[in-house]
1. In whole angstrom, how far apart do the alpha carbon centroids of region 10-26 and region 237-256 sit?
2. What angle do you read, to the nearest 10 degrees and between 0 and 90, between the alpha-carbon axis of helix 23-33 and the longest principal axis of the chain?
3. How tilted is helix 149-162 with respect to the longest principal axis of the chain? Cα atoms for both, answer in degrees (0 to 90, nearest 10).
4. Classify region 132-262 as rounded, prolate or oblate from the Cα gyration tensor: take a ≥ b ≥ c as the square roots of its eigenvalues, call it rounded if a/c is under 1.5, otherwise prolate when a/b beats b/c and oblate if not.
5. Where the centre of each part is set by its Cα atoms, how far does region 81-128 sit from region 132-201, in angstrom?
6. Taking square-rooted eigenvalues a ≥ b ≥ c of the alpha carbon gyration tensor, is the chain rounded, prolate or oblate, where a/c under 1.5 means rounded and, failing that, a/b exceeding b/c means prolate?
7. Given contacts defined as C-alpha pairs under 8 Å and at least six residues apart, what's the relative contact order of the chain, whole-number percent?
8. Once fully extended, how much extra length lies between residue 149 and residue 93, figured as 0.36 nm per residue of separation less the alpha-carbon to alpha-carbon distance?
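Any read-out appearing in this document is the output of simple, stated calculations on the displayed coordinates, not a laboratory observation. Small disclaimer: the values here were computed from a predicted structure and weren't measured. Every residue, glycine as well, gets a Cβ built from its backbone with ideal geometry; the counts of neighbours run over all protein chains shown.
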């Protein structure tokens, strides 16, 4: 199983506990793309529909291509109230628009999934299905310093003990020192007007809730069972004994927008 396929094994949990995107980010995207009933939208790797649902609420005609069948099934359930939205099970890197739906998309969106695509041709594939002047929107999510900083510093010892791939002394970077490299977009010759908008959100978790979130991350899911149990028990104990049973985590979400060249 590829690392990116681990999410499909926890589709219901993924839908239940993964953070939703900040409303201000979604509103900015909807405005930038001028979404409405006349818009055609393609979403790459929607998961269970964290971004798909607010996009579908604009009444656009939306096609979401999801690699994982279990994730796609949950996304379909979440989109049941949006008859103009469809979820297709498939790998975007092999997917082609159906012959009965000619034309290009006004918006191609990909939220916290673009990094799983082959960097050799992911920009070209996304641009190829965009109309001239159409919008490419990428959402990236970073774990940054903030909230319960002491917990995340102390948690390093749990990771170093139970996950051998953990770099020693790792620390979260500040949001202002964190940014996605957009060089592949600006240098592609296919896109213009590349701009990134930054949104942070803090979420407070109980020990149980935080462990549930961790069980939707590919690195944690890929650990062998004894190591995963040991790591989660170590983190749970730290939260319960040193932080009063609750910790706060800060996320940085970037909305990266680019226009297809004419």
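1. 16
2. 20
3. Approximately 80 degrees, to the nearest 10.
4. prolate
5. Using only Cα atoms, the two centres lie 23 Å from each other.
6. prolate
7. So the answer I get is 23 percent.
8. Using 0.36 nm per residue and subtracting the Cα-Cα distance, I get 16.3 nm.
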